[in-house]
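These notes concern the structure reproduced below.
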Amino acid sequence: MNGRAASYDKTAGEEIYGKSIEIINSLLKDSKYFNDSYSEIEKSVVKRVIHATSDISYAETIFFTGGSAEKSVKLIKEKIVKKEPLKIVCDSEMTKAGISRNVNKNIILNLHCYINSVQMNPKAGTTKSAFSIKAAISEILPDMVIIGNAPTALVMAMELCYDLYKTINYKPSLIIGMPVGFVGAAESKAALYKNSFYNAIGNFGNLGGSSSAAAAMNALLLESL
């Protein structure tokens, strides 16, 4: 692809995104919950998730705890000034792939997912997603943990990070928890919401997925420009 074509595609993509946000804004114009419940940065996160999923119901189901959106933007900006990498651990390759390095090119993103690289002990007594997120967090000690698929990974991340805090004074600056499914997803996210130990972004109910979790992260990167 030549430079002109690449430039055209980027412009077209930005134009489509802008039109999508205009439509989302019109759909949310009369939403009392959306307009009264979220800060401006939080609204940007919600709209980005809606854009990624085409599901307007997220406008009333996404939650933020501990000032997570604002604190995360502040952290990213500090990392940019210090030229330090932002270390992120994801539960799935799809979640990792959805986080764009092009949204904010000022930040060095270190993205990690161990789901395809760890050898799971058959007697581990847990899911591969939980086993791999445990391995990744223990080794990387990331700034942020992003769960977009597996409820078991979210539960493991919360339990492990609490144990690590007690032993080595570590906990992530942010957990984005948006696992999807009928088994355990809603319960794991409700537990995250109630756990005041973490600064978190998540959503209530069975909906979620890698695109939702990655979109939330991309919104934070965009707000950090």
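For the stretch 114-132, filtering for residues that are surrounded by 13 or more Cβ atoms within 10 Å (Cβ to Cβ) and either more than 24 Å from Lys171 (Cβ to Cβ) or among the basic types (Lys, Arg) (or both) leaves 2.
Is it the case that some residue within the stretch 207-215 is surrounded by fewer than 24 Cβ atoms within 10 Å (Cβ to Cβ), in a helix (DSSP H, G or I), in contact (Cβ under 8 Å) with a residue 24 or more places away in the chain and touching a helix residue (DSSP H, G or I) at 6+ places or on another chain (Cβ under 8 Å)? Checked the stretch 207-215: at least one residue is surrounded by fewer than 24 Cβ atoms within 10 Å (Cβ to Cβ), in a helix (DSSP H, G or I), in contact (Cβ under 8 Å) with a residue 24 or more places away in the chain and touching a helix residue (DSSP H, G or I) at 6+ places or on another chain (Cβ under 8 Å). The set of residues from the stretch 179-199 being among the β-branched types (Val, Ile, Thr) and either in contact with a Phe, Trp or Tyr (Cβ under 9 Å, 6 or more places away or on another chain) or surrounded by 14 or more Cβ atoms within 10 Å (Cβ to Cβ) (or both) comprises just one member, Val180. Picking from residues in the stretch 75-113 that are within 16 Å of the chain's Cα centre (by Cα) and charged (D, E, K, R), the one that is surrounded by the most Cβ atoms within 10 Å (Cβ to Cβ) is Asp91. Please enumerate the residues belonging to the stretch 113-135 that are under 15 Å from Gly177 (Cβ atoms) and of a type in the set (A, V, I, L, M). Selection gives Ala130, Ile133. Using beta carbons and a limit of 7 Å, which pairs, at least six apart or on different chains, have the first residue in the stretch 153-174 and farther than 15 Å from Ile140 by Cα and the second one modelled with pLDDT of 95 or more and charged (D, E, K, R)? Every condition considered, the pairs that remain are Ala153/Asp91; Met156/Lys134.
Pairing each residue of the stretch 176-201 that is under 12 Å from Val155 (Cβ atoms) and modelled with pLDDT of 95 or more with any residue that is among the basic types (Lys, Arg) and surrounded by 15 or more Cβ atoms within 10 Å (Cβ to Cβ), provided the two are 6+ apart or on different chains, yields C-beta distances under 8 Å for Gly177/Lys189; Pro179/Lys189. Scan the stretch 114-131 for residues that are part of a loop (DSSP other than H, G, I, E, B), of a type outside the set (Val, Ile, Thr) and closer than 13 Å to Ala157 by Cβ and the total you get is 1.
For the stretch 100-112, check the following and say yes or no: at least one residue is free of Cβ contacts under 8 Å to residues at least 24 places away in the same chain, outside any helix (DSSP H, G or I) and in contact with a Cys (Cβ under 9 Å, 6 or more places away or on another chain). Yes: one or more hits.
The values are calculated or read from the model by the stated rules, or taken from the named source; none is laboratory data. This structure is a prediction, so every number in the text was calculated from the model and none was measured. Quick reminder, even Gly has a Cβ in these numbers, built from the backbone with ideal geometry, and neighbours come from all protein chains shown.
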